[in-house]
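Engineer: I am attaching a structure below and will ask some questions about it afterwards.
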Amino acid sequence: MVDRRSPLSHLCALGTLAASVGLLAGPTQADARTPLVKESAESEPEPAERKRRIPYRALEVQGVVVGQLLPSPAFGVDAAAVIGSDTFQLRAGALVLGIPPFKLGTGKVGNTLAVATADMCVGKSVFRSQIRMCVGGQGGAMRHRWIGIEPEGRNLTPWWAGTIKSDYRHVITEKFGVMFGAGVVIPIVGPRFRGYNQLGSPGPLVLPGPVGGQLSVGTSWRF
C-alpha cells in the first residue's frame, strides 16, 4: 500500500520525534553531571577534619620525685619532646635527679643521676583532658659523691632502667596545658654500695630498687 501523505507531513513528524528525544535526553545529561559536582564538593575535608590530621607536637617539662630507689628520695626535672597524634605518641628527652646523701658505714654518699629517656605512649582525649599510658626506658650514669669514706669508691656507675608511667593532661589554652603523672622505675643496671664500720667489718649491701615509685607535675607546650 502506498503512503500518500505529503513531504510536509513527513517533515513535521520528524521534527516532533527530534523534540521528544531532546526532552528525554536533557534531564538525563543534567542528572549525570550532578553527581560529579557533589562528589567534588565531598572530596574536600571539613576544617575540623583537617585539624585532626595535624600531628601532635609538644614540649613537656615536669618536676619529678622518685622514692625507693635508694635510702634517700630523688628530686629532679624531666624534659621531653613529643610527636605523634592524640592517640599514639613517641616521647624522647632527658631526666636529671639529685639524691641527697645517705649514711653508709662511717660516712655518707650522695648521688646525681643523669639519663636519656624514651617512651612509647597511647592516649585518649575527651573534651579538654587527655589520659596517657607510656612504656619505655632510660639509660645514662649515676655520679657518686663520697663524704667521710676512705678509700672512696668509683665516681661513675652505668644506669639502665625500664619505666611504666601514666599521666593526666588538662588543656588550659590551645597550646598550654598542665600535667600530673605517676609511674614506676625498674632498675636493671645500677650501683652497689657497701659501707664498713670502725672495726672494718662490712655493712649491708645497698642496691637500687627493685622498684621505685615516681610522681610528677609540670606543663605541656604544644607547637
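Engineer: Collect the residues in segment 127-147 that are among the small types (Gly, Ala, Ser) and either under 17 Å from Gly209 (Cα atoms) or surrounded by 13 or more Cβ atoms within 10 Å (Cβ to Cβ) (or both), keeping them in residue-number order.
Structural biologist: In the first step, residues of segment 127-147 are kept if they are among the small types (Gly, Ala, Ser); the result is 129, 136-137, 139-141.
Scanning segment 127-147 gives Gly136, Gly137, Gly139, Gly140, Ala141.
Engineer: Further question on the same structure: Across segment 104-122, what is the number of residues that are closer than 18 Å to Leu207 by Cβ, assigned to a strand (DSSP E or B) and in contact (Cβ under 8 Å) with a residue 40 or more places away in the chain?
Structural biologist: Total satisfying the criteria: 6.
Engineer: Ok, one more. Could you tell me which numbered condition Pro210 fails, if it satisfies all but one of (1) part of a strand (DSSP E or B); (2) in contact (Cβ under 8 Å) with a residue 24 or more places away in the chain?
Structural biologist: That leaves (1) as the condition not met.
Engineer: Starting from segment 66-91, keep only residues that are over 21 Å from Phe102 (Cα atoms), then list their pairs with residues that are at pLDDT below 95 and hydrophobic (A, V, I, L, M, F, W, C) whose Cβ atoms are within a distance under 6 Å, requiring at least 6 positions of separation or different chains.
Structural biologist: From residues that are over 21 Å from Phe102 (Cα atoms), there are no pairs.
Engineer: To continue, here is another question. Checking the structure you have, find out if any residue of segment 66-79 is on the phi < 0 side of the Ramachandran plot, touching a Gly at 6+ places or on another chain (Cβ under 9 Å), modelled with pLDDT of 95 or more and among the polar types (S, T, N, Q).
Structural biologist: no
Engineer: Which one is farthest from Ser125 (Cα to Cα) among residues in segment 167-191 that are assigned to a strand (DSSP E or B) and among the charged types (D, E, K, R)? So that I can check it myself, show each step before the final result.
Structural biologist: Residues of segment 167-191 assigned to a strand (DSSP E or B): 167-171, 176-189.
Still in the list and also among the charged types (D, E, K, R): 167, 169.
On the way: Asp167: 12, Arg169: 9 Å.
That would be Asp167.
Engineer: Can you name the condition, by its number, that Gly93 falls short on among (1) surrounded by fewer than 14 Cβ atoms within 10 Å (Cβ to Cβ); (2) modelled with pLDDT of 95 or more; (3) not hydrophobic (A, V, I, L, M, F, W, C)?
Structural biologist: Every listed condition holds for Gly93 apart from (1).
The values are calculated or read from the model by the stated rules, or taken from the named source; none is laboratory data. In this text the structure is predicted, and so the values were computed from the model without any measurement. Backbone-built Cβ (ideal geometry, glycine too); neighbour counts: all protein chains shown.
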